[in-house]
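Handing you this structure, nothing more for now.
The values are calculated or read from the model by the stated rules, or taken from the named source; none is laboratory data. Every value quoted in this text rests on a predicted model; they were computed, and no experiment measured them. Every residue, glycine among them, receives a Cβ derived from its backbone with ideal geometry; neighbour counts consider all protein chains shown. Quick note on the areas: whole protein, heavy atoms, side chains included, nothing else; ligands and nucleic acids left out. Shrake-Rupley method; radii C 1.70, N 1.55, O 1.52, S 1.80 Å.
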Amino acid sequence: MQTVLDGFTPYPAEFAERYRAAGYWRGETFGRMLRERAAAHGERIAVVDPGGHSASRQESRWSYAELDRRADRMAAGLLARGIGSGDRVVVQLPNVAEFFEVVFALFRIGALPVFALPAHRRTEIGHFCAFTGAAGYIVPETAGGFDYRELASQVREQSPSLRLVLVAGEDPGEHERLADVPCDGPGPEREPEPQDVAFLQLSGGSTGVPKLIPRTHDDYIYSLRGSVELCGLDEHGVYLCVLPAAHNFPLSSPGSLGTLYAGGRVVLCPQPGPETAFPLIEREGVTITGLVPPLALLWLDAAGRGARGYESLDVLLVGGAKFSEEAARRVGPVLGCTLQQVFGMAEGLVNYTRLDDSQELITTTQGRPISPDDEVRVVDDRGADLPDGVTGHLLTRGPYTIRGYWNAPEHNANSFTPDGFYRTGDLVRRLPSGHLVVEGRAKDQINRGGEKVAAEEIENHLLAHPAVHDAAVVSMPDPYLGERTCAYVVLRGEHSERPPKAVELKRFVRGRGLADYKVPDRVEFVEEFPATGIGKVSKKDLRAAIAAAAADTAAADAVDTTATTTV
Ligand code: AMP
Ligand code: DBH
């Protein structure tokens, strides 16, 4: 019985039975998984945190036994502070060991981590707290030059449900130290069930505010087991977590949780650049990691220029956005490892190229689903199935794909078919082998090197500016990130005397308390928008216009070529 979470759409009973009978759902939970690994691998190292986030942080090397013990003590401490089964806790930690201590403690209690990213700011975190009625919020002191204690103070003021704000680090400011929480008190009275929701993951989204994705122990652990097998990961594997640990890709494909499932070692990388990552790979004997395409390009360039240290890598996963065939072909020769393309989504379905696929498949496709029971349909605009080789909308249903966003009945009516297929918004072509090639996107989203930006969300922020009459945000091609954002803006008539400059609108959006990667890269002012046949804004025409303009002014100063991405 799911008892802890309203607003969750469970898998229908006949599917749940089928997934259990097939051996996908084995009745495991995260809490018990860690207990079992600690029993089996006790003194082996589970997590290495080199301590690079700030000068005051020391290196940590936690064995499975130590992580297990820490999770128990943290669970007891959180329980003592009133965090209980079903409570939501927004976790916004960078790649530090405490991330695992906290997350496994919450799993054991049956409280739900809400996985925020380090880039999120007041508006996003405030929304997560309000929408989930969060009881707790956990932040670092500082990371990447940003003070999260400040942010936590602002969030606390606007979030009446928050009972507990904890800071990982020595100086918590006006909050409490996470390190003061653990104690030897009693554990939870009730252990979570395998079919319970374990956490809320974030959707990249295409609507005004990000949606929340409820994943169960059963379904997520199956995706880990499948991933570990397809990536050739076992207890000898060493996974470097380069992207932000809470993101679904580095969390589960096969990611840090997959690595812990396999009994391997997770090494946390404090910065994603090759100057930090390569020496760490060398020192720790890293065998596998996952990158978004812009970072993979950065690593390839560094290795091409003679940087060393990556030699122990066996497998490099690249995903989150389309990896160009040209770059894909360089991975083997330059980095001396096997490329594994991964096309996944926090909602569920994950596709991998197989390690023994032909070079052709590895470099030109985004892989095929993990599970024989992942149902994939490629359909036309009216929902009719298309034959292999023809590009259409990707719909999917299966043993680890959600049946609904959390508490979002109106969105669910659009995002899922009546028979439970998730409308991914991706345009794909399927090969007879089952491999998928991502050809584009139908959803109103910009994929900025793996960081997803929902057009509507940014348009709403622009519309809040007094001089803005209308706004339309579209992607523009970029050689490094794949895509960047361009905001087309129509100003109000009365402001035409002293119109705001592009930079002012960018500053305005940033000032609304948003992640930096959502600030438009470019702003274009127009008198009116091109219209479609029925009078809607033609984003297709806007995209074509900005692509042409960008090609004309490849070195345009409006385009900031120094920005990087970390999902
Ligand atoms: P999210 O919903 O934020 O988890 O993002 C998932 C989306 O990222 C997918 O629906 C795709 O649009 C995109 N994506 C992920 N991996 C790839 C890939 N390898 N190639 C192209 N697009 C990808
Ligand atoms: O982009 C993604 O969300 C993603 C990419 C690769 C993902 O969720 C995953 C693998 O699991």
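Which residues, taken from the range 375-389, are touching a residue at least 24 places away in the same chain (Cβ under 8 Å) and assigned to a loop (DSSP other than H, G, I, E, B)?
If we filter the range 375-389 for residues that are touching a residue at least 24 places away in the same chain (Cβ under 8 Å), which is where we start, we get 375-378, 383, 388-389.
Listed by number, the residues that qualify are GLY383, ASP388, GLY389.
Here's another thing I want to ask about it. Out of all the residues in the range 418-439, which are in contact with a strand residue (DSSP E or B) (Cβ under 9 Å, 6 or more places away or on another chain), more than 16 Å from ligand 1 (Cβ to nearest atom) and either open to solvent by less than 20 Å² (accessible area, probe 1.4 Å) or without any contact (Cβ under 8 Å) to a residue 24 or more places away in the chain (or both)?
First pass over the range 418-439, keeping only residues in contact with a strand residue (DSSP E or B) (Cβ under 9 Å, 6 or more places away or on another chain): 419-431, 433-439.
Still in the list and also more than 16 Å from ligand 1 (Cβ to nearest atom): 419-420, 433.
Within the range 418-439, ASP419, GLY420 qualify.
Okay, moving on. For the range 215-235, which residues satisfy the criterion of being more than 14 Å from ligand 1 (Cβ to nearest atom) and farther than 23 Å from ILE362 by Cβ?
Within the range 215-235, THR216, HIS217, ASP218, ASP219, ILE221, TYR222, GLU235 meet the criteria.
Matching residues to (1) of a type in the set (Val, Ile, Thr); (2) modelled with pLDDT of 95 or more; (3) within 13 Å of ligand 1 (Cβ to nearest atom); (4) open to solvent by 10 Å² or more (accessible area, probe 1.4 Å):
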site	(1), (2), (3), (4)
ALA262	no, yes, no, yes
VAL266	yes, yes, no, no
GLU284	no, yes, no, yes
ARG308	no, yes, no, yes
SER312	no, yes, no, yes
GLY320	no, yes, yes, yes
GLU326	no, yes, no, yes
LEU335	no, yes, no, no
THR338	yes, yes, no, yes
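Does the range 243-252 contain any residue that is open to solvent by 10 Å² or more (accessible area, probe 1.4 Å), more than 12 Å from ligand 2 (Cβ to nearest atom) and among the small types (Gly, Ala, Ser)?
Checking the range 243-252: not a single residue is open to solvent by 10 Å² or more (accessible area, probe 1.4 Å), more than 12 Å from ligand 2 (Cβ to nearest atom) and among the small types (Gly, Ala, Ser).
Being open to solvent by less than 40 Å² (accessible area, probe 1.4 Å), touching a helix residue (DSSP H, G or I) at 6+ places or on another chain (Cβ under 6 Å) and closer than 26 Å to TRP406 by Cβ: is that true of LEU162 here? I'd like the intermediate steps shown before the answer.
Details: open to solvent by less than 40 Å² (accessible area, probe 1.4 Å): yes; touching a helix residue (DSSP H, G or I) at 6+ places or on another chain (Cβ under 6 Å): yes; closer than 26 Å to TRP406 by Cβ: yes.
Answer is yes for this residue.
Go through the residues of the range 65-87 one by one and say whether even a single one is farther than 22 Å from TYR137 by Cα and part of a loop (DSSP other than H, G, I, E, B).
For the range 65-87, residues farther than 22 Å from TYR137 by Cα and part of a loop (DSSP other than H, G, I, E, B): absent.
Okay, next question. Please give the number of the condition GLY51 fails out of (1) modelled with pLDDT of 95 or more; (2) outside any helix (DSSP H, G or I); (3) open to solvent by less than 30 Å² (accessible area, probe 1.4 Å).
(1)
Show the residue pairs meeting these rules: Cβ distance below 6 Å; 6+ apart or different chains; first residue within the range 189-210 and open to solvent by 30 Å² or more (accessible area, probe 1.4 Å); second residue of a type in the set (Asp, Glu).
GLN195/ASP218; SER206/ASP444
Which condition does ARG484 not pass, out of (1) modelled with pLDDT of 95 or more; (2) charged (D, E, K, R); (3) open to solvent by 10 Å² or more (accessible area, probe 1.4 Å), if it passes all the others?
Checking ARG484 against (1) modelled with pLDDT of 95 or more; (2) charged (D, E, K, R); (3) open to solvent by 10 Å² or more (accessible area, probe 1.4 Å), the one that fails is (3).
Which numbered condition trips up GLY450, out of (1) among the small types (Gly, Ala, Ser); (2) within 16 Å of ligand 2 (Cβ to nearest atom); (3) farther than 27 Å from SER324 by Cα?
(3)
How many residues, within the range 340-364, are touching an Asp or Glu at 6+ places or on another chain (Cβ under 8 Å) and open to solvent by less than 10 Å² (accessible area, probe 1.4 Å)?
So the answer is 3.
Just need a number here: residues in the range 190-211 that are aliphatic (A, V, I, L, M) and away from ligand 1 (no atom under 16 Å from the Cβ). Lay out the reasoning, then the answer.
We begin by selecting, within the range 190-211, every residue aliphatic (A, V, I, L, M); these are 197-198, 200, 202, 209.
Now narrow it down to the ones that are away from ligand 1 (no atom under 16 Å from the Cβ): 197-198.
Total meeting the criteria: 2.
Follow-up. Take PRO172 and tell me if it is open to solvent by less than 50 Å² (accessible area, probe 1.4 Å) and closer than 30 Å to VAL350 by Cβ. Talk me through it step by step, then tell me what you get.
On the way: open to solvent by less than 50 Å² (accessible area, probe 1.4 Å): yes; closer than 30 Å to VAL350 by Cβ: no.
So PRO172 does not fit the description; no.
Moving on to the next point. Out of the range 443-467, which residues are open to solvent by 60 Å² or more (accessible area, probe 1.4 Å) and within 16 Å of ligand 1 (Cβ to nearest atom)? Talk me through it step by step, then tell me what you get.
The initial filter retains those residues of the range 443-467 that are open to solvent by 60 Å² or more (accessible area, probe 1.4 Å), namely 456, 460, 463, 466.
Within the range 443-467, just GLU456 meets the criteria.
Condition check ((1) open to solvent by less than 60 Å² (accessible area, probe 1.4 Å); (2) at pLDDT 85 or above; (3) more than 24 Å from the chain's Cα centre (by Cα); (4) farther than 27 Å from PRO210 by Cβ) across all residues:
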{"position": "SER496", "(1), (2), (3), (4)": "no, no, yes, yes"}
{"position": "VAL509", "(1), (2), (3), (4)": "yes, yes, no, no"}
{"position": "ARG512", "(1), (2), (3), (4)": "no, yes, no, no"}
{"position": "ALA515", "(1), (2), (3), (4)": "yes, yes, no, no"}
{"position": "VAL519", "(1), (2), (3), (4)": "yes, yes, no, no"}
{"position": "LYS540", "(1), (2), (3), (4)": "no, yes, yes, no"}
{"position": "ASP557", "(1), (2), (3), (4)": "no, no, yes, yes"}
{"position": "THR565", "(1), (2), (3), (4)": "yes, no, no, no"}
